[in-house]
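Asker: Structure incoming, see below.
Quick note: the coordinates plus some simple rules give every number you see, no bench work behind them. Bear in mind that the values here come from a model prediction, so they are computed numbers and not experimental data. Cβ placement follows ideal geometry from the backbone for every residue including glycine, while neighbour counts extend to all protein chains displayed.
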């Protein structure tokens, strides 16, 4: 069964605590993304990775970190430096066609993070 | 600056009442425009990709169209199960692998 899995579905963080959100895919896609979704706003890009062992900052990378050690996995760590982390976090992947990387992104089910 | 604006923010329809959602975009060069459906508490589900002005795509009661400045998502005879948030996104020339998303239109269809 192909797809993107994110875990956990719900996550609660205490002040000063780092937490890691998991994203796994078996679509054999090269590119992976992390977005943050807040009510009334468009998805905002946190980090993205086009290939294993390489990743780039998005528009709101401060307070977050990522790794890409395997093609299938792109975990996101929300550090204590992120002052307002309560949000819905979405992981996405994108394949590459013969005409280039103009393809749509596919999304996982999301993780809702709440700060206590 | 590349930008995507969706309108209206929310739309309430009676079952069977057809309407359209708008996505206006300002980009330096459009590589692709995407429509997604998102149900509450879930990830967006891909619907359509449009690449050039004049292009149209259909899926069941949904039809997406594209001009040089905007895209419309037409919903014909909607049913309550069409209730969701519809997201528009664009990939711009020079944007690398980044995609810009609009804030979405929340659609409510009443039986």
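Asker: Run the quick spin-label model on residue B:3 and residue A:18: label points 7 Å from Cα toward the beta carbon, then report their separation in nm to one decimal.
Answerer: About 3.8 nm, to one decimal.
Asker: Can you give the FRET efficiency for residue A:9 and residue A:30, using 1/(1 + (r/R0)^6), R0 = 25 Å, r = Cβ-Cβ distance, to the nearest 0.05?
Answerer: Between residue A:9 and residue A:30 the formula returns 0.45.
Asker: Hey, another quick one. In a solvent-free Debye calculation with one equal scatterer on each Cα, what is log10 I(q)/I(0) for the protein assembly as shown at q = 0.10, 0.11 Å⁻¹, listed in the order of the q values?
Answerer: -0.46, -0.55
Asker: Most fluctuating residue of B:15, B:56, B:81 in a GNM of chain B with Cα springs under 10 Å: which is it?
Answerer: Per the Cα network of chain B with a 10 Å cutoff, B:81 tops the list.
Asker: I've got another one for you. I need A:60, A:46 ordered by Cβ neighbour count within 10 Å, fewest first.
Answerer: Sorted ascending by nearby Cβ count, the order is A:60, A:46.
Asker: Can you give the translational diffusion coefficient of chain A in µm²/s, computed by Stokes-Einstein from the Kirkwood radius over Cα pairs at 10 °C and 1.306 mPa s?
Answerer: 111 µm²/s
Asker: Which one, A:58, A:42, A:95, has the greatest fluctuation when you compute a Gaussian network model over chain A with C-alpha springs under 10 angstrom?
Answerer: Top of the fluctuation ranking is A:42.
Asker: Here's something else I'd like to know. Note the full-extension length gain between residue B:20 and residue B:55 as 0.36 nm times their separation in residues minus their Cα-Cα distance, in nm to one decimal.
Answerer: That works out to 11.0 nm of additional length.
Asker: May I ask for log10 I(q)/I(0) of chain B at q = 0.10, 0.18 Å⁻¹, from a Debye sum over the Cα atoms as equal point scatterers with solvent left out?
Answerer: Summing over Cα pairs of chain B leads to -0.26, -0.83.
Asker: Here is a further query. I want to verify a result. In a Gaussian network model of chain B, Cα cutoff 10 Å, which of these has the top mean-square fluctuation: B:91, B:38, B:14?
Answerer: B:14
Asker: Whole number please: convex hull volume per residue of the Cα set in the range A:1-64, in Å³?
Answerer: Enclosed volume per residue, from the Cα hull, is 126 Å³.
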